[in-house]
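S.K.: First the structure, then my questions, so here it is.
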Amino acid sequence: MWENRCKVAVSGVGFSKVSRSADMPLAAHALEAVKGAVADSGLDMSDIDGLATYPELPATGHAEVDGISIVSVNCMMAMLKLPSLTWHIQVGTTNIGGAVQQAVNALLAGVCKYAVVWRAMHNPRGTYQNLPGTYAQGDTQFTAPYGFGGPGQGMAVAYTRWLERHNQNREKMATLAATQRRHTQHNPHAYFYGVPLTREDYLTSRMVAYPFCLFDCDIPVQGAVAIVLTTADRARDLKPTPAYLAGYGQRLHFEVAGRIGSLSSYMEGGRSSAKLTWERSGFSPKDVDVAQIYDGFSASVIYGLESYGFCEEGEALDFIQDGRIELDGELPLNTFGGSLGTGRIHGLWHIIEGALQASGRAGSRQVKDVNVSFVGASAPIVTGTTFIFVSEPY
Amino acid sequence: MTMSDWSKVTRPIPIPNEWTKPFWDAARRGALELQRCQKCGNFQHPPYATCVNCVSTDLKFEPVHGAGAIYAYTIMYHTGDKRFAGAVPYASVIVELDDAPGALMAGNLLDAPYTEAKVGRRVEVVFEKLNDDVTLPQFRLTRE
C-alpha cells in the first residue's frame, strides 16, 4: 500500500452556472467555480497558494483565447493575484485528473498548503467541430479524408468492435442513460436538472455516429467546476468533512498518435491506471461502495467498468441492469448524473462527486454508508486517471 | 436506398510528410505499402519514428496485399463536418489487413450499402484518385 494514502483530502467544491453556449467569457465561469470552492472550504482567497488545471479546448478548429475559450493557470494567476501563491502547474498527458494528482504531489511535498484545481469548458456559439479545412495534415492525414472528423467517431468505432465481438445490443445502454438522468434530478448544478429522460426517449432518439445516438453523447456546454485540496491535517480544521485520497493512478499505455479505433487501447489504459489505484489503496473492486466513471460518450463507462475490474469483458451492459447502478443499488454509478447529465465539463465533476459521496455531502443523492468511493476521471484511452476517496482514514 | 452519395463530398487532401510520403507515393501508383520494421518484421500504420513492437529505427515501406477484414466501423449520421454532410449516412471503417495484423487503416466502405459494414466482414483495397498528386486507399467488400 501507498505510504501517503489518506494524507491529502478534498475539502471544498465549487460550481459555476452551466449554460448551453458562451454568453460570457469562460474566465467568469472559472472564477465563480474557484470562489465557490474556496468559500465552501471556509477559506479566504488569500489562503490559496497552489493552482493547477488542464485547460485544453476540445472543440475542434476554434482559436484558443485565454480567458475566452480556455482558462490557463496564467489567466487565473492574473485574475486572482494571490498573495500567498507558491506553486502552480498545467498538465498535458492526462486530463484534469492529472492536474489533481500533481496538486496532491505538491501538497505531499510541502510546497503548497491549499491548492485549487479547476476545469473550465468552452462551448463556442455555432458549430462545435469547426472543420472547414481543405487539407489534412499530421496525424489527421490518415483519418480526416475518410470523414473521421470528431472524437465521437473515434469512440464509436471501438464501440462497434465491442458490441459485435461480444454479441451485445446497444439498446441495453438505455438503462445507463435513463438511470443517470434520474440521478441528475438530484443535482441542481447540472445542465439537465429538471429535464427527464425515459428509456423510450433514448431508444427513439436520432443517431449521431452509430452506435451512438444523441443521448450517448454529453452535451457541449459552457461552465466550470473547482475543488480545494489540502493535507489531511489541515482539512480536518476546515468547514467541510474531508474526503481522504486513498490512492490514485494514471494510464501507462499509449499507442501511436493517429491510430484510431483500437478497443485494446481503452482496455490497456484503464487496466494500467486501475492497477496502480487498487495497489496503492489496498482496496479491490468488490470493496467499492459508489463509483463515478467518465461518460463523455456512454461507451466509456463500458470500458471503465471492464478495465477497472468491476465486471468481465463483454459484460458491462448486462452488469448495469436490474437496479445495480441505482442510488440504492449494489454499485451506485455516476450519482451526480455523469457528464450525460451535467453537460461536458470533463472529469473534474466525477472527482468532485467521488469526494462528496465519501464525505457524506451529496445531499438527496447521498448513497448510504459510503466508505470507499471510486472515480475513473477520463476515457481510459488517452487521458485516463483513477482515484479512490474514503471517509475513514486507515 | 442505403447507398451513401459521395458525389458532393469534398475530402480534405492529405499532406504527406517526411514519414508518410512513401505511403502516399505508393497509393498514387495504385499500390499499398506499409511501414515495416527491418529488424522484427512487424508492419505498422500509421507510420511512426520507431517500430512500435521492438523500438528499432530501421523501418522501410514494403508492399502488402490489400485484403483484410473490418476491425471496427461507425456509421456517420451527424452533419457537423460540412465537407461530408452530403454523404450521410456513410460508413467509416477501420480495416486490419491480413498481411499486417495490428496495423489499423481507416477508410470508407465504398460500392455497398453502409448497412453492410460489420465487424469481421472481408474487404479489399481500392484506390480513389483525389487529384493528380493524391490517391486515397479505400475499401470495398471482397469480390469472390
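S.K.: So which residues in segment B:20-41 are within 12 Å of another protein chain (Cβ to nearest Cβ) and either loosely packed, with under 14 Cβ neighbours inside 10 Å or among the polar types (S, T, N, Q) (or both)?
M.R.: Kept after step one, since they are within 12 Å of another protein chain (Cβ to nearest Cβ), are these residues of segment B:20-41: B:20-21, B:23-24, B:27, B:34-35.
Residues satisfying the conditions are B:Thr20, B:Lys21, B:Gln35.
S.K.: I need every pair where a residue in segment A:66-85 that is in contact (Cβ under 8 Å) with a residue 60 or more places away in the chain and part of a loop (DSSP other than H, G, I, E, B) has its Cβ under 9 Å from the Cβ of a residue that is among the small types (Gly, Ala, Ser) and surrounded by 18 or more Cβ atoms within 10 Å (Cβ to Cβ), sequence separation at least 6 or different chains.
M.R.: Note: pairs meeting the criteria are A:Val71/A:Ala27; A:Val71/A:Ala30; A:Val71/A:Ala120; A:Val71/A:Ala224.
S.K.: From A:Gly152, A:Gly133, A:Gly138, which residue is in contact with a Phe, Trp or Tyr (Cβ under 7 Å, 6 or more places away or on another chain) and either closer than 24 Å to B:His45 by Cα or not polar (S, T, N, Q) (or both)? Talk me through it step by step, then tell me what you get.
M.R.: Working: A:Gly133 fails: in contact with a Phe, Trp or Tyr (Cβ under 7 Å, 6 or more places away or on another chain); A:Gly138 fails: in contact with a Phe, Trp or Tyr (Cβ under 7 Å, 6 or more places away or on another chain).
Within the list A:Gly152, A:Gly133, A:Gly138, the selection yields A:Gly152.
S.K.: Kindly indicate the residue of segment A:142-176 that is aromatic (Phe, Trp, Tyr) and closer than 26 Å to A:Glu312 by Cα and also surrounded by the fewest Cβ atoms within 10 Å (Cβ to Cβ) among those meeting that condition. Steps first, answer last, please.
M.R.: Keep residues of segment A:142-176 that are aromatic (Phe, Trp, Tyr), which gives A:142, A:146, A:148, A:159, A:162.
Checking which are closer than 26 Å to A:Glu312 by Cα leaves us with A:159, A:162.
Details: A:Tyr159: 28, A:Trp162: 25.
So, considering only residues that are aromatic (Phe, Trp, Tyr) and closer than 26 Å to A:Glu312 by Cα, the one surrounded by the fewest Cβ atoms within 10 Å (Cβ to Cβ) is A:Trp162.
S.K.: On to the next question. Which condition breaks for B:Asp99 when tested against (1) in contact with a strand residue (DSSP E or B) (Cβ under 6 Å, 6 or more places away or on another chain); (2) away from chain A (no Cβ under 13 Å)?
M.R.: It fails just one condition, (1).
S.K.: Are any residues in segment A:1-24 under 24 Å from A:Phe192 (Cβ atoms), in a loop (DSSP other than H, G, I, E, B) and modelled with pLDDT of 95 or more, and if so, which ones?
M.R.: Step one: of segment A:1-24, the residues under 24 Å from A:Phe192 (Cβ atoms) are A:13-24.
Filter again for in a loop (DSSP other than H, G, I, E, B), leaving A:16-18, A:20-24.
A:Ser16, A:Lys17, A:Val18 - these are the residues of segment A:1-24 that are under 24 Å from A:Phe192 (Cβ atoms), in a loop (DSSP other than H, G, I, E, B) and modelled with pLDDT of 95 or more.
S.K.: Working only within segment A:112-166, note down all residues that are of a type in the set (Lys, Arg) and within 7 Å of another protein chain (Cβ to nearest Cβ).
M.R.: First pass over segment A:112-166, keeping only residues of a type in the set (Lys, Arg): A:113, A:119, A:125, A:161, A:165.
A:Arg161, A:Arg165 - these are the residues of segment A:112-166 that are of a type in the set (Lys, Arg) and within 7 Å of another protein chain (Cβ to nearest Cβ).
S.K.: Scan segment B:70-86 residue by residue and report those that are more than 7 Å from chain A (Cβ to nearest Cβ) and within 11 Å of B:Ser4 (Cα to Cα).
M.R.: B:Ala85, B:Gly86 - these are the residues of segment B:70-86 that are more than 7 Å from chain A (Cβ to nearest Cβ) and within 11 Å of B:Ser4 (Cα to Cα).
S.K.: Right, next: Could you identify the single residue in B:Ala85, B:Ala112, B:Ala117, B:Ala69 that is among the small types (Gly, Ala, Ser), under 28 Å from A:Thr60 (Cβ atoms) and either within 14 Å of the chain's Cα centre (by Cα) or at pLDDT 95 or above (or both)?
M.R.: On the way: B:Ala85 fails: either within 14 Å of the chain's Cα centre (by Cα) or at pLDDT 95 or above (or both); B:Ala112 fails: under 28 Å from A:Thr60 (Cβ atoms); B:Ala69 fails: under 28 Å from A:Thr60 (Cβ atoms).
Result: B:Ala117 is the single residue among B:Ala85, B:Ala112, B:Ala117, B:Ala69 that is among the small types (Gly, Ala, Ser), under 28 Å from A:Thr60 (Cβ atoms) and either within 14 Å of the chain's Cα centre (by Cα) or at pLDDT 95 or above (or both).
S.K.: Where residues in segment A:196-231 are crowded, with 17+ Cβ neighbours inside 10 Å and assigned to a helix (DSSP H, G or I), which of them is farthest from the chain's Cα centre (by Cα)?
M.R.: Top of the filtered list is A:Tyr202.
The values are calculated or read from the model by the stated rules, or taken from the named source; none is laboratory data. Keep in mind it's a predicted model, so treat the numbers as computed, not measured. Neighbour counts run over all protein chains shown; Cβ positions are idealised from the backbone, glycine included.
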